[in-house]
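For reference, the structure discussed in these notes is given below.
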Amino acid sequence: MVFDHNFNLDDGSINWGPTESHREYHRKMFQGFLAQTPQKLRQACCDDEGRLVHILQAEHFDLPFLEHICEVTTAARRSYKFASAKMHEMLARKKVLHLFAQPSSRTFESFTVASSNLGMTSRSLRDLRTSSSAKGESDRDALRTHSSYFDAIVFRSPCDYFDMFALWVMSTSNRPIPIINGGSGKAKHPTQAILDYYTIRASLERQIDGKSFAFVGDCLRGRTVHSLAKVLALHKDIEMYFVAPEEYQIDPQTEAYLKKKGVKVNKVTGGLEGIPEIITGAVYMTRIQDEHDGDGEQKRYNPRFIFTEKMLDQLQDPAVLMHPLPKREEIYPAIDYRSDRKIMIWREMRNGMWTRTALFAHIFGFDQEVLRSYHEASKAYAPTPL
Ligand code: NCD
């Protein structure tokens, strides 16, 4: 399992080129790029002014960055009601490609709507059999081709290191464009972490320090779990419960990363019973990521880890119930019919559209413009509360 930079470049997830000598050449070049320190690699994700413009992994975020994106998100969300015509003009000359090599509903749709909120033109490439990949074109050439026509690429890939691969391709191109990771492999889903963080920050009224969080389900292969845990670890005195059977427990690399950041890590393998009542931040449910098993079978969820109605009642204010979706059997169906402020799942999903709008504004340097248009609109109208 790949959770650090010791990637297996021969795992077949990247087409490196047509012959073994091509492949060897490009892999060597990529390895040279990866050999840089993590600080240098993060720097490669920033523009000349030090703004993070390639949104690739949660490890690159800090609290000022997250705070800024949250503020721009709220401004975009609220001012859209009053100043949508203005927002629609902001990025009217920009074009984005949504390059999704894995299934997606929410991430794909919300990025598409986010780009249209700012007037961008967007195109999608989801079936790679319709591209020149089917003619044997390398992934490196394919990305350089896309970057010739578009001003940003949002990608989703089963490859654990596609984010670094894309960064490397951009670093060797004379037309580097911002890259956004819409979910790669088992460990990275940075924009989901931002929308989850935004939801948690609002639900807990910004009091995240000292809170406890439970991650339930597939903690091993859930990229949303890995990314959100790393973001929450930026706060002080955080306690995390990874609630999953042994075979889906958090991997040692991520556990070590969190502990190094000062997080108190608890691993619970017996079931979810007794956990929701002690959580002060959020219970974050996830499905079994069985697409990684390769046998095409949908695995049954262990009933001891299902979130029940009783657990919802036991969840203490201000803690909330979250899920990145899609959900299957891990949440008791009656919860769909409960109207309770603690159920944040659908709000969380909708927040994705606004946090992604803010991200587009940020990477193209229009974030201050969004903040300004919100302040102007709020002088003229009384904004609705969050
Ligand atoms: C998640 C993903 O793709 O990792 N979905 C999403 O983007 N909201 C979670 C999942 O598929 O279980």
*asked:* Among the residues of the stretch 196-228, what is the count of those that are over 18 Å from Met353 (Cα atoms), more than 14 Å from the ligand (Cβ to nearest atom) and not β-branched (Val, Ile, Thr)?
replied: 10
_Flag if Ala358 is modelled with pLDDT of 95 or more, under 30 Å from Tyr248 (Cβ atoms) and not polar (S, T, N, Q)_ = no
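Quick one: which of Ser115, Ser124, Ser173 is assigned to a helix (DSSP H, G or I) and among the polar types (S, T, N, Q)?
On the way: Ser124 fails: assigned to a helix (DSSP H, G or I); Ser173 fails: assigned to a helix (DSSP H, G or I).
One residue alone meets the criteria, Ser115.
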*Residues being part of a helix (DSSP H, G or I) and surrounded by 16 or more Cβ atoms within 10 Å (Cβ to Cβ) - total across the stretch 291-327*: 4
*Restricted to the stretch 127-165, and to residues that are within 16 Å of the ligand (Cβ to nearest atom) and part of a strand (DSSP E or B), which residue is surrounded by the most Cβ atoms within 10 Å (Cβ to Cβ)?*
Val154
*Filter result for the condition that a residue is of a type in the set (A, V, I, L, M, F, W, C), free of Cβ contacts under 8 Å to residues at least 40 places away in the same chain and surrounded by 13 or more Cβ atoms within 10 Å (Cβ to Cβ), over Phe7, Phe61, Phe65, Phe30*: Phe65
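Please go through the stretch 229-259 and give me each residue that is small (Gly, Ala, Ser), over 18 Å from Leu66 (Cβ atoms) and within 16 Å of the ligand (Cβ to nearest atom), ordered by number.
So the first thing to find is which residues in the stretch 229-259 are small (Gly, Ala, Ser), and the list is 229, 233, 244, 256.
Filter once more, so that each one left must be over 18 Å from Leu66 (Cβ atoms): 244, 256.
Selection gives Ala244 alone.
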*Condition met for Arg328 (assigned by TED's automatic domain parsing to the domain that holds Asn302, within 13 Å of the ligand (Cβ to nearest atom) and not acidic (Asp, Glu))*: yes
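State whether the residues of the stretch 195-206 include one that is outside any helix (DSSP H, G or I), among the acidic types (Asp, Glu) and within 18 Å of Leu66 (Cβ to Cβ).
Checking the stretch 195-206: at least one residue is outside any helix (DSSP H, G or I), among the acidic types (Asp, Glu) and within 18 Å of Leu66 (Cβ to Cβ).
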*Within the stretch 340-371, track down each residue that is under 28 Å from Cys46 (Cα atoms), within 16 Å of the ligand (Cβ to nearest atom) and among the aliphatic types (A, V, I, L, M).*
Met349, Met353, Leu359
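Quick check on my filter: what residues within the stretch 143-171 are free of Cβ contacts under 8 Å to residues at least 40 places away in the same chain and closer than 13 Å to Asn15 by Cβ? Before the answer, list the steps.
Of all residues in the stretch 143-171, those free of Cβ contacts under 8 Å to residues at least 40 places away in the same chain come to 143-145, 147-148, 169.
Listed by number, the residues that qualify are Leu143, Val169.
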_Selection from the stretch 89-112 of residues that are more than 15 Å from the ligand (Cβ to nearest atom), exposed (fewer than 15 other Cβ atoms within 10 Å of the Cβ) and either assigned to a strand (DSSP E or B) or not aliphatic (A, V, I, L, M) (or both)_ = Glu89, Arg93
*Out of the stretch 351-380, which residues are more than 21 Å from the chain's Cα centre (by Cα) and surrounded by 24 or more Cβ atoms within 10 Å (Cβ to Cβ)?*
Val370
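The values are calculated or read from the model by the stated rules, or taken from the named source; none is laboratory data. Predicted model, so just to flag it, every value in this text is computed and none were measured. Cβ atoms come from the backbone with ideal geometry, glycine included; neighbour counts cover every protein chain shown.
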